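The values are calculated or read from the model by the stated rules, or taken from the named source; none is laboratory data. What you are looking at is a predicted structure, and each value in this text was computed from that prediction instead of being measured. Here the Cβ positions follow ideal geometry from the backbone for every residue, glycine too, while neighbour counts run over all protein chains shown.
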Amino acid sequence: MLITIKFGGTSVGDADRIRSAAELVARVKNDGHRVVVVTSAMSGVTNKLVALVDQAAGPTAPFGSRVAEYLRFTKTLEQDHVETARRAIRDPQLVENVAQALYTERHSLERVLIGSHLLAELTPIGYDFVVSEGERLCVPILANCLRDLGVSAVGVGGDSHDAVGRPISGGILGDSDAHILQISFNFMAGLEYACIGCALLPGISLEFDE
């Protein structure tokens, strides 16, 4: 059976909870099921990103000051997630894998923030990218935590593609959006496990007959 499990922000709120979430998935996998996990951002991260975007939309600050603020924010965000990975994952190489993924995510976020400041405009796509960054930061931690437990796991972010090369959205999905079901079936082809970042999806655990 293919089971889709959604973890909200509280369930992945810190290193211990991420580890517990991974252990739950491992138990389901060991029971013989195939599993797709949808994870929210860690507790409080999305709120911080929304506040950053709202602040950016306020009175224009000097370019150097605003860029320095962005860089401090993104660096702190990266460091917090790396520290979480160190506490949640035992294997140093897997922690390094997470650190590399988080470094890439940080620079992608910085490009969007600085670019939008230069243009004096944050497009709807840019807004979605920024506020869904927390999910993309959480995915590599949870995926590598599962690998640490011996579960074959692959992380899927907002710029990822499914098994046949079509883009997979790791951003915001509405309550009526059934895309996660398509992700489940498409991406699980040939894979034992997938970990997908997704914001604002209702807390669900869906089961499907193969």
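Observations
- Residues of the range 51-79 satisfying the condition of being surrounded by 14 or more Cβ atoms within 10 Å (Cβ to Cβ) and modelled with pLDDT of 80 or more: Leu52, Val53, Arg66, Val67, Glu69, Tyr70, Leu71, Phe73, Thr74, Leu77, Glu78
- Residue check, Ile18 surrounded by 18 or more Cβ atoms within 10 Å (Cβ to Cβ), of a type outside the set (Lys, Arg) and part of a strand (DSSP E or B): no
- Among the candidates Ile183, Ile141, residue that is assigned to a helix (DSSP H, G or I), within 17 Å of the chain's Cα centre (by Cα) and either modelled with pLDDT under 50 or of a type in the set (Phe, Trp, Tyr) (or both): Ile183
- Residue within the range 17-34 that is more than 17 Å from Ser152 (Cα to Cα) and touching a residue at least 12 places away in the same chain (Cβ under 8 Å) present: no
- The number of residues in the range 80-97 being in a loop (DSSP other than H, G, I, E, B) and either among the acidic types (Asp, Glu) or surrounded by 16 or more Cβ atoms within 10 Å (Cβ to Cβ) (or both) comes to 2.
- Exclusive hit being among the acidic types (Asp, Glu) and at pLDDT 90 or above, set Asp148, Asp159: Asp148
- Residue in the range 79-88 that is under 23 Å from Arg19 (Cβ atoms), more than 18 Å from the chain's Cα centre (by Cα) and not charged (D, E, K, R) present: no
- Any hit, the range 90-106, residues being farther than 30 Å from Lys29 by Cα, among the small types (Gly, Ala, Ser) and modelled with pLDDT under 95: no
- Breaking point among (1) polar (S, T, N, Q); (2) closer than 22 Å to Val156 by Cα; (3) touching a residue at least 40 places away in the same chain (Cβ under 8 Å), for Gln93: (3)
- Qualifying residues in the range 21-40 (those that are of a type outside the set (Asp, Glu), in a helix (DSSP H, G or I) and surrounded by fewer than 16 Cβ atoms within 10 Å (Cβ to Cβ)) - the one modelled with the lowest pLDDT: Asn30
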